[in-house]
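Below is one structure, written out as structure tokens; comments come after it.
The values are calculated or read from the model by the stated rules, or taken from the named source; none is laboratory data. None of the values given here were measured: they were computed from a predicted structure. Backbone-built Cβ (ideal geometry, glycine too); neighbour counts: all protein chains shown.
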Amino acid sequence: MTEMVSSIGHALWMAFLMLWEILWALNLGFLLSAIVQAVVSKAEMSSLLPDDSPKTLAKACALGAASSSCSYAAVALARSLFLKGANFTAAMVFELASTNLVAELAIIMVILLGWQFAVAEFVGAPVMVVILVALFRLFLKPAMVEKARAQAERGLHGKMEGHAEMDMAVTEGPILNRILSDRGKTAISHYFVMDWLSVWKDVAGGLLIAGALAVLVPTSFWRSFFLSSHPEFSKFWGPIVGPFIAIISFVCSVGNVPLAAVLWNSGISFGGVIAFIFADLIVLPVLDIYRKYYSLKMAAFLLGTFYVSMALAALGIDFLFRAAGLVPAERKAEIVEASITFNYTTILNVVFLVIAGLLVRRFFKTGGREMMRMM
């Protein structure tokens, strides 16, 4: 009993140390995201995504990168865009970009995994989009889209729909003037706080699961499961099993990066890590939302096409980065420091906690409580 309590305490401490390691980066990422959202109007997005042409899909990627990184908010906003006239394929590409091409994800990946993984994520995401679009053109029938639209028009609730619909963007004048205006500052504070509220459970869940796995599951189990003693097979196995682990872990948004670091240290392949991070849009709670939004048949279709796209893109990136000599030779992801010390991490945490505090203060002084009720 004493040993179990000690292990649980160690796992919780590990989770806290991981949070301390990435806290400033989370705040910086959400601040950058809030600034972008404050100058990009969601009302204009659906009119920019009328079809699945390469030009439109490039816009979908850019708009996704400029939106919230919350998986649930991305899914809700994609449905909203679809209902307002956006092409279904473009809406799904927007959704993928929202969780794979955002600044906060890149920052956290650099800190916990290394720059190679962040580059692989940003190179691999467009590859994943290309594969997904090809699969949609081969297998997505117009009748399926119309049935999905009819289901979407029923208006069944998922999660974070209030956050997805919120549009406080300032669109008049030069960008810097918009950001520094009173309306701009208020919009930034609202997007910042609402982004935090939308993902804090995923971040906390990811940290707790990562801490538990790091402490409670022996490395020998993971190395056997990931076929680490068979390097050639593990290259293929990693991208296949990575999304499956993501599906059953329930963790999405940026909360899956700490768990990805644990998996990398435990023997999963480079491509397996990338596939795992890609797969936050097919975790079980999100699949249930697809069922409500678009029907069970479309949810199954999205699961299949997303899974194949994620696995193939991750496998391709694995081979590309191995050929270029960019796959790290050692598995030493810096999940946590040994203890909290006065170093650059502490200084940055203090600085960005102060900034966060100022934004939270403005949020509550400008109708934030009413905004929270809308979630």
- Message: Among the residues of the range 167-191, what is the count of those that are out of contact with any Ser or Thr (no Cβ under 8 Å at 6 or more places or on another chain) and either within 30 Å of M18 (Cβ to Cβ) or among the basic types (K, R) (or both)?
- Response: 3
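Report the residue count in the range 1-15 for those that are surrounded by 15 or more Cβ atoms within 10 Å (Cβ to Cβ) and of a type in the set (F, W, Y).
0
So which residues in the range 233-248 are hydrophobic (A, V, I, L, M, F, W, C) and touching a Phe, Trp or Tyr at 6+ places or on another chain (Cβ under 8 Å), if there are any at all?
Scanning the range 233-248 gives W237, V241, I245, A246.
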- Item | Residues located in the range 142-161, provided they are at pLDDT 95 or above and outside any helix (DSSP H, G or I) | none
- G267 at positive phi and over 14 Å from the mean Cα position of the chain (by Cα): yes
- Task: Read through the list (1) at pLDDT below 90; (2) farther than 30 Å from N343 by Cα; (3) surrounded by fewer than 21 Cβ atoms within 10 Å (Cβ to Cβ), then give the number of the only condition that T56 fails.
- Result: (1)
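Could you pull out the residue among G238, G205, G255 that is over 15 Å from the mean Cα position of the chain (by Cα) and in contact (Cβ under 8 Å) with a residue 24 or more places away in the chain?
G238
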- Has the range 303-318 got at least one residue that is under 19 Å from the mean Cα position of the chain (by Cα) and among the polar types (S, T, N, Q)? yes
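Name every residue in the range 71-89 that is under 17 Å from A143 (Cα atoms) and assigned to a helix (DSSP H, G or I), in order of residue number. Working first, answer last.
Taking the range 71-89 first, the residues under 17 Å from A143 (Cα atoms) are 82-83, 85-89.
F82, L83, F88, T89 - these are the residues of the range 71-89 that are under 17 Å from A143 (Cα atoms) and assigned to a helix (DSSP H, G or I).
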- Unmet criterion (only one of (1) of a type outside the set (S, T, N, Q); (2) free of Cβ contacts under 8 Å to residues at least 40 places away in the same chain; (3) in contact with a helix residue (DSSP H, G or I) (Cβ under 8 Å, 6 or more places away or on another chain)) for V93: (2)
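Scan the range 279-324 residue by residue and report those that are in a loop (DSSP other than H, G, I, E, B) and either at pLDDT 95 or above or on the phi < 0 side of the Ramachandran plot (or both).
Within the range 279-324, the first condition is being in a loop (DSSP other than H, G, I, E, B), and the residues that meet it are 283, 295, 324.
Listed by number, the residues that qualify are V283, A324.
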- If you go through I274, I247, the only one that is among the β-branched types (V, I, T) and at pLDDT 90 or above is I274
- Note on the structure: If you go through G85, G29, G124, G64, the only one that is at positive phi and either in contact with a Leu (Cβ under 6 Å, 6 or more places away or on another chain) or touching a residue at least 12 places away in the same chain (Cβ under 8 Å) (or both) is G85
